[in-house]
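Worksheet: one structure, shown below.
The values are calculated or read from the model by the stated rules, or taken from the named source; none is laboratory data. The structure displayed is predicted, hence computed values, not measured ones. Using ideal geometry, Cβ is built from the backbone for each residue, glycine included, and neighbour counts are taken over all protein chains shown. Side chains are part of the model used for accessible areas, which takes the heavy atoms of the whole protein and leaves out ligands, DNA and RNA. Shrake-Rupley method; radii C 1.70, N 1.55, O 1.52, S 1.80 Å.
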Amino acid sequence: MEFDLENPLENLHSDDVSYLFLIESDHTPSQNHSQTLKARDLDISVRRELISLISQLSCALDPVLSYLAINYLDRFLTNQGILQPKPWALRLVAVSCISLTVKMMGTEYPATDIQALLNQSDGGIIFETQTIQRMEALILGALQWRMRSITPFSFVAFFIALMGLKESPMGQVLKNRASEIIFKSQREIRLWGFKPSIIAASALLCASHELFPFQYPFFLKAISDSSYVNKEIVEQCYKVIQDIAIEEEYSSALNGVSRSDTPINVLDHHFLSSESEKTNGITVANATDSPLGDLKRRKITGCGGNNPTILNSWIQPCERECEK
Amino acid sequence: MEKPGGGGVLSAKEAFEKLEKVGEGTYGKVYRAREKATGKIVALKKTRLHEDEEGVPPTTLREVSILRMLSRDPHVVRLMDVKQGQNKEGKTVLYLVFEYMDTDLKKFIRSFRQTGQTVPPQTIKSLMYQLCKGVAFCHGHGILHRDLKPHNLLMDPKTMMLKIADLGLARAFTVPIKKYTHEILTLWYRAPEVLLGATHYSMAVDIWSVGCIFAELVTKQALFPGDSELQQLLHIFRLLGTPNEDVWPGVSKLMNWHEYPQWNPQSLSTAVPSLDELGLDLLSQMLKYEPSKRISAKKAMEHAYFDDLDKRHL
């Protein structure tokens, strides 16, 4: 039974999703440890280095592999820490996390390819199989053999159904964008304190705000009304993810990534400006406004700032999709 | 090699004091043990890993991880921890640490057989409901047991709580099965499609086993006590009638299908005479030949047979 990030238990029935909410904390870097780890700059830099190494080693295979391997790494770090990082030890941890991931996901790559990849080394370090096996055993013990990680991906379909978008093109678009956000935000240590389901809900809200801002209040209500979700915590997580997304935008802009000037992107720019205004507003005068107040202001600004022609042409495809 | 981080995980030998060997499971020895740190009594299942160049086999990794995920349901025996160690020959050994239960359904039924008493009907109903609930939980998560039998159903005789054990171990440890005892290879609870060589199992194989266990709780004797695969099939056919394409479309195409003596179906009440109408109806739905027609565990829980059962604590 190969492991699938979206269905950590194969054939999970939709009415049994409550069980995932019950046990998800067993598969999450511990909140207490994230507080501790933040105080250790060394471990933060070590984590960054390891993530880079894992991404480098596994990007040739499947990006989903990176996500699971990094999940194992994070849970291992919060359990064990690395007090005396040595280059070879760091690399061994990364390689072992990848090896465990490959076993869990049942990838069909020839063993020789995997072995060659795992032994790829800038520093000329090649690990014996037995060494990797011993590190694997250590990681398994630290993670208590809970290798079918419950990640934000396990909850995306559930929340999309809550939003009324099950099996719809709009739902697929949201899912794709939310997945992209989840992938990219994994690097961010500020999210360690949040449960996977909260991250999934926040990523979907972020995606819906970005892609379908006029439906956003409805989606927010649908998710907030769920008894599985704490609204205040979603708000906190949403802000962190939003910050990450904005930083991502700035980073792309600074890198001079060219973008075609399409209506969607024009709207993106407007919302980016809107975010800046919101930030200024909160700082200067409206710090006590509720999130709903923020929403109202964003909508007004967005509407006022848009060319009616662009707005109309953008809305029509969405309306058509909604009617399906 | 210097280990990263702090102290290592305690090895199984350091963490537990073995009190006695309580069995030879299909997949290794089982000990009653005490966890030194807490004083808690646990069941230790010791299993050799069949390593190759890969280290921990992927199937073991995947299936043990499932057990770790399923350990919150009250009707599945809880896998509390996993310890990896080495035996005297340096081979890797896995210790699965399960919650300890005092007895199992096999011993429970045997105790009634020895005293000549019948199992009280409400006790049967309660145990069967818990069994259906545990199986429904597993099936709801896409997990088949595939080896349900009274020996794998652990009980607390004080509370009459029942839990399913050995879940998923059939796939986690693909070791050659040694013939420790005849019981290990029991065919009595095996579904006819399995005996006939079906290659695609469904959850219905577990429901068949549940039905056989149900009947055994009532009569205290195995319903279909075959001692070979052929004899097992003949036992089934004598009671339920030899299947044909009418009652079980596709049966004649199964790999192990042959010409069999033709029996007509008998009433289930001849085999389970003291079970009431509702119980017989539920049992008949569990013992349908066609797997897709067998009742699901979830539907079984809703059957009228359980209507008068107080389910508040189950």
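Please compute the Kirkwood hydrodynamic radius of segment A:152-254 from all pairs of different C-alpha atoms, in Å with one decimal. This gives a value of 13.4 Å.
When segment B:13-99 is described by a simple charge dipole with +1 on each Lys and Arg Cβ and -1 on each Asp and Glu Cβ, the residue from B:Met80, B:Leu19, B:Leu44 located farthest towards its positive end is B:Leu19. Counting protein heavy atoms only, segment B:103-306 has 55 percent of its accessible area on carbon and sulfur, 1.4 angstrom probe. A helix-only calculation puts chain B at -9500 deg cm²/dmol for mean residue ellipticity at 222 nm, using -39500 (n - 2.57) for each DSSP H run of at least four residues, averaged over all residues.
Within the straight-line cut-off of under 24 Å between alpha carbons, the lysines reachable from A:Lys239 are A:Lys38, A:Lys175, A:Lys184, A:Lys195, A:Lys221, A:Lys231, A:Lys278, A:Lys296, A:Lys299, sequence neighbours fewer than 8 places apart in one chain being disregarded.
Among B:Phe112, B:Phe98, B:Phe237, the largest mean-square fluctuation in a Gaussian network model of chain B, built with springs joining Cα atoms closer than 10 Å, belongs to B:Phe112. Between A:Asn176 and A:Glu49, the distance separating the two model label sites (each 7 Å from Cα on the Cα→Cβ line) works out to 3.8 nm. Averaged over peptide A:127-140, the number of partner chain Cβ atoms lying within 10 Å of each residue's Cβ comes to 4. With coordinates expressed along the principal axes, the C-alpha atoms belonging to chain B extend over 70, 43, 34 Å, beginning with the largest. Positive contributions from Lys and Arg (+1) and negative ones from Asp and Glu (-1), summed over other residues with Cβ under 10 Å from the Cβ of A:Arg75, come out at -1.
Chain A against chain B buries an accessible area of about 3500 Å², both chains summed, 1.4 Å probe radius. Put B:Trp208, B:Trp257 in order of accessible area, highest first, and with a 1.4 Å probe you get B:Trp257, B:Trp208. When every Cα-Cα distance of segment B:13-99 is counted in 5 angstrom steps from zero, the calculated P(r) takes the values 3, 13, 23, 26, 21, 11, 3, 1 percent.
Between segment B:213-234 and segment A:186-213, what is the C-alpha centre distance in whole Å? The distance from the Cα centre of segment B:213-234 to that of segment A:186-213 comes to 55 Å.
Peptide B:82-95 is shielded by partner chain Cβ atoms: per residue, an average of 2 of them sit within 10 Å of its Cβ. Of the residues B:Ile143, B:Leu96, B:Gly55, the one whose Cα sits farthest towards the positive end of the charge dipole of segment B:50-172 is B:Ile143 (charges of +1 on Lys and Arg Cβ, -1 on Asp and Glu Cβ, taken about the Cα centre).
Among A:138-149, B:151-162, sorting by the average number of other beta carbon atoms lying within 10 angstrom of each residue, highest first, gives A:138-149, B:151-162. Counting only alpha carbon atoms, the long axis of helix B:229-240 and the longest principal axis of chain B meet at about 40°.
The residues of chain B expose on average 46 square angstrom of accessible surface per residue, using a 1.4 Å probe on protein heavy atoms.
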